[in-house]
């Protein structure tokens, strides 16, 4: 059943802008991204937005829909009341380029700061052996599609200048660090950097990153907190530190 | 007046166009050879269509079934490709794939494991043994993320959200590429000694496709415009299982892994119809009864594989036939049932993103209900004609890798062979470009005149007072292709489609995009239409020329494979007058050793009666 | 006039500001109400020093009972070390609960889940996801400065584990009265209490880390004890929030139940007929 819905979309660029209202026909089964495309095709050819796979696998169409960081392709229209006006905004944490498109290059810069994977030597027969039980954890983190919704919602980056001041690398890269740190083959010691360069202490584990993750990765419980615990092992646990002193 | 010297220029030794698996692998290789390497991508890094690949990457490592080796993989590939594959490419692919998988692991990829701690391998359509290294059903993401994270530490320059428009040449040789930044709409000239195209296919010309907006055949069209030969464009693969409902997700892929893990296809009578569509070629290796198929799934090595795992062209045609006969599902597909085959928690563990995709996009719980699926345009087997070993096209300095090239997959690609294709030939293209540059004498110069005319053609779209809407033209083209160049084709419809494409080309000259050049999707769409029209025309013209049914190309008026046509390729070039030319070109015969392996009985291959001396 | 930079994107600014239309404020308000109620009730109940046992039942706020409260002869059979010490300074409240509540109290205060809940509800940092934080202009240091002590969570954990065993012991003896085995509503209340607190404690992030999570190769292809324990702790960890709330409320209920019995306000339904 087709209905007419009202969309309130922020349009503009780094110099300014405002909300523009659209009345648009919506058919059964549509997601917000479909509606935005229809608006683009029929009413605003130059409405800027990012998208790619349309199936929640690439993490391109991140935006804020009714105030919540979401993937537009995974937000079904039937999750809203018919009379509801739907507000669509660009991500808050990153500088706006145009309309719903933001400059997320800061994230790529953070990724580059993380030292690369350093595997141990292969087994004598040329294979690497690691076991499913041990890589389950790492595989969960590697489900990340880099939509940066967690980076957007994290208040340290969003409201506390963590991005501008480079004090915190953000949830996405803490779980990337976790995926390397917990990798059975990786030999690099990343713990000092996790605390000192990437700011694990800045996270106050309020778990908004986990709440918005479209891949349902337990970012905080399985990634960040275990990293924090490894930092404690190294820097804050007097007994563990003493034991290392004595036994090396 | 346009002043070329005011356009931004960036210098590299090699420019890679496309940041999917092939592009990234090629860039890593160039960079390892100490070349200044740039990568241009239309999207952000890590978003390329490779992330959509689900099932896995085929490599005959023999971790799960030790009988597997490159010869069996090669034989499967040739048979799947209906013997139209480039012999050398299929050979290189089967031989190199295991090393490329191990290399990914060394760069941080975490594949699913066997009990012994090795890389696990799964069954897939057309593969004799469990062969696909995989990570659940998100193998493509793993591949691209691994290459991306490795690549950022290799000194590669990434130029994101930048679209290539034209290959620039100095005489015959490649001299650079003209592109534009999507954000600002400003033009940029990349001056380089070699260009590697890794731009994928042109699936966006069809309305029902698993391809994203990026799939507009840019590389294929740029190569064609630069004078390179294209080949085998008539072979467009329809993946048998795409989502059919709701409309907005129509075409999105349902991984073949569902069938590999035991999923079965049923019509609206609840019948497992694939048993009625087993062709002669595959009958000796396909289960004859439901009972035998189930034994195979349980790992019985004496049983033969279920017919749901026949090659993609066979399954797609069977589904189309069932729907035509009125035995389809409510939304015009058939049912794919995994719910009655596996316990819910196993489904969620083995097919997490499929579970996710259906529950969130279609509100269907695949652990309880069957999925509705139908064919969706998925892959271009054809594309730029390249040399197997160097991956160089017929234009010196212009290379290709991955889906935008032709030859590797012949008339039909096996599932799982594309991810391995990307890394095998990505690496070879990188080597090819590096070797070419080593031998290159004086560096090429970018000609101003070409830049001026290309920029003007692009900006005309913005500057016109009024003109056709690019989005509407795209819809018209999709209608043309769906109607005339679909899964089954006939002469009259193809001729009609070509006539329509000619009309679309005329209209494309009058496109108008309102607004400024800064991040303007209307303008991007208009520019992409120019590429899409080239690839669409090439597909239609090749399809008209090939008078037989082979692999993914089915001609109702020429049923069955012809003995003659297996010896020919359709080669496309741009004539001096700018018109498209298609030529029926004889193929060189395959090396005797490879021919023997491809045609061998599986028992003879395994016993060593055939191919024992092949290394 | 150039638009204010905050207008870019049209995002609301300031404490509690958001475009969200759902009831994001319900969660912090409920947290504040329940936590405050818990703190007020616990403080009051702990300072009473009376009505903390009835028959075989001992209030969990008073367990382990190191010394029976001054003058409480009836409580002696629950006590580990007998009567209240005479040397106890007069300016410290003479209640057995004050000797022990610091242990579960510090465990919960530094708990990763409770930190989330009170950082959101009490310090508004942030009050909800994509909602403007309290004191957004003030410099933010997370857990790097004044809150560094949160890193000592693991040191509170062994006591919490010990307490699970003690409370389980209390639950077991609650089925034993005057040499006779029986069951009362109170036994069930105390049993549930031990189960819920156990479920909360064994889902502790530090616990999960120390028993296995700290190594990269937990199984190395074998069915190790380490991996099995980690896997089980992970099950509880996934439900850490739920058990944190349930056990919090239930421990209050258990104390109140014992208290009301002891005060004679209600009667226990039991097989002992008393």
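Just so it is clear, none of the values below were taken in a lab; they were calculated from the coordinates. Since the structure is predicted, the reported quantities are computational estimates derived from the model, not experimental observations. Methodologically, a virtual Cβ is constructed for each residue, glycine included, from the backbone with ideal geometry; neighbour enumeration extends over all protein chains shown.
Let me know the mean shielding of B:511-521 by other chains, meaning the per-residue number of their Cβ atoms within 10 Å of its Cβ.
So the per-residue partner count for this stretch is 4.
Return the distance in nm (one decimal) between the two label points of a simple spin-label model at residue B:116 and residue A:187, each offset 7 Å from Cα along Cα→Cβ.
For residue B:116 paired with residue A:187, the spin-label model returns 2.5 nm.
Given Cα positions, please report Rg to Rh for chain C, the hydrodynamic radius being the Kirkwood one.
1.06
Comparing C:33, C:258, C:172, which has the greatest mean-square fluctuation in the GNM of chain C with Cα pairs linked when under 10 Å apart?
Among C:33, C:258, C:172, the largest GNM mean-square fluctuation belongs to C:33.
At what distance in nm do the modelled label points of residue B:66 and residue C:27 sit from each other, each positioned 7 Å from its Cα along Cα→Cβ?
5.3
Mind jotting down the distance between the C-alpha centroids of the stretch A:132-206 and the stretch B:90-151, whole Å?
26
Round to the nearest 0.05 the FRET efficiency obtained for residue A:166 and residue B:327 when R0 = 35 Å and r is the Cβ-Cβ distance.
E(calc), rounded to 0.05, equals 0.05.
Quick one: work out the % antiparallel among DSSP beta bridges in chain B, nearest 5.
Counting only bridges with both partners in chain B, antiparallel ones make up about 65 percent.
Multiply the residue separation of residue B:438 and residue B:283 by 0.36 nm, subtract the distance between their alpha-carbon atoms, and state the gained length in nm to one decimal.
50.7 nm
For a Förster distance of 51 Å, can you work out the FRET efficiency between the beta-carbons of residue A:116 and residue C:178, rounded to the nearest 0.05?
0.15
So what is the relative contact order for chain C, in percent, with contacts set as C-alpha pairs under 8 Å and at least six apart?
Relative contact order for chain C comes out at 23 percent.
Compute the relative contact order of chain B as a whole-number percentage, counting only Cα pairs closer than 8 Å that sit 6 or more residues apart in sequence.
Averaging sequence separation for qualifying contacts and normalising by length gives 20 percent for chain B.
How much FRET efficiency would the formula 1/(1 + (r/R0)^6) give for residue B:247 and residue C:263, where r is the Cβ-Cβ distance and R0 is 56 Å, rounded to 0.05?
Computed FRET efficiency for residue B:247 and residue C:263 comes out at 0.25.
Measure nothing but the geometry: give the 0 to 90° angle between the long axis through the Cα atoms of B:21-32 and the longest principal axis through the Cα atoms of chain B, rounded to 10°.
The two axes meet at around 60 degrees.
Considering only C:27, C:238, C:19, give the residue with the highest GNM mean-square fluctuation for chain C, with springs between Cα atoms whenever their separation is below 10 Å.
It is C:19.
At q = 0.18 Å⁻¹, work out log10 I(q)/I(0) for the stretch B:449-567 with the Debye formula, treating every Cα as an identical point scatterer and leaving solvent out; two decimals please.
Values, matching the q order: -0.88.
With a 10 Å radius around each residue's Cβ, average the other Cβ atoms per peptide and rank B:268-275, B:556-563, B:360-367, highest first.
Highest mean packing first, the order is B:360-367, B:268-275, B:556-563.
Quick one: pull the percentage of alpha-carbon pairs in chain A with a separation above 33 Å.
Summing the P(r) tail past 33 Å for chain A gives 31 percent.
Tell me the angle of helix B:70-80 to the major Cα principal axis of chain B, expressed in degrees between 0 and 90 and rounded to the nearest ten.
80
Please give the helix A:238-247 orientation as an angle from the longest Cα principal axis of chain A, in degrees from 0 to 90, rounded to the nearest 10.
40
Quick check on chain A: of the DSSP beta bridges with both residues there, what percent are antiparallel, nearest 5%?
Antiparallel: roughly 85 percent of the beta bridges in chain A.
From a point 7 Å beyond the Cα of residue A:4 in the direction of its Cβ, which residues of the stretch A:23-38 have a backbone N at a distance under 12 Å?
A:23-26
Report Rg(Cα)/(2.2 N^0.38 Å) for the stretch A:3-102, keeping two decimals.
Here the answer is 0.99, to two decimals.
Shape call for the stretch B:247-375 from the C-alpha gyration tensor, a ≥ b ≥ c root eigenvalues: rounded (a/c under 1.5), prolate (a/b greater than b/c) or oblate?
Oblate, because a/c is 1.5 or more while a/b does not exceed b/c.
Please work out whether the stretch A:105-247 counts as rounded, prolate or oblate from its C-alpha gyration tensor, where a ≥ b ≥ c are the square roots of the eigenvalues and a/c under 1.5 means rounded, while otherwise a/b larger than b/c means prolate and anything else oblate?
Taking the square roots of the gyration eigenvalues as a ≥ b ≥ c, the stretch A:105-247 is oblate.
With springs connecting C-alpha atoms under 10 Å apart, model chain A as a Gaussian network and identify which of A:83, A:200, A:60 has the largest mean-square fluctuation.
Answer for the Gaussian network model of chain A: A:83.
Once you sort the root eigenvalues of the Cα gyration tensor of chain B as a ≥ b ≥ c, which label holds: rounded (a/c under 1.5), prolate (a/b larger than b/c) or oblate (the other case)?
In terms of gyration-tensor shape, prolate.
Under 8 Å for C-alpha pairs, at least 6 residues apart: give me the relative contact order for the stretch A:3-102, rounded to a whole percent.
It comes to 34 percent, rounded to a whole number.
Restricting to bridges with both residues inside the protein assembly as shown, how much of the DSSP beta-bridge set is antiparallel, in percent to the nearest 5?
70
If neighbour count is taken as other Cβ atoms inside 10 Å, put B:568, A:94, B:425 in order from fewest to most.
B:568, A:94, B:425
If the viscosity is 1.306 mPa s and the temperature 10 °C, what translational diffusion coefficient in µm²/s does Stokes-Einstein give for the protein assembly as shown when Rh comes from Kirkwood over Cα pairs?
49
At a 10 angstrom cut-off on C-beta neighbours, averaged per residue, how do the peptides A:105-111, B:143-149 rank from highest to lowest?
B:143-149, A:105-111
What distance in nm separates the two pseudo spin-label positions at residue B:390 and residue B:340, each 7 Å out from Cα along the beta-carbon direction?
5.8
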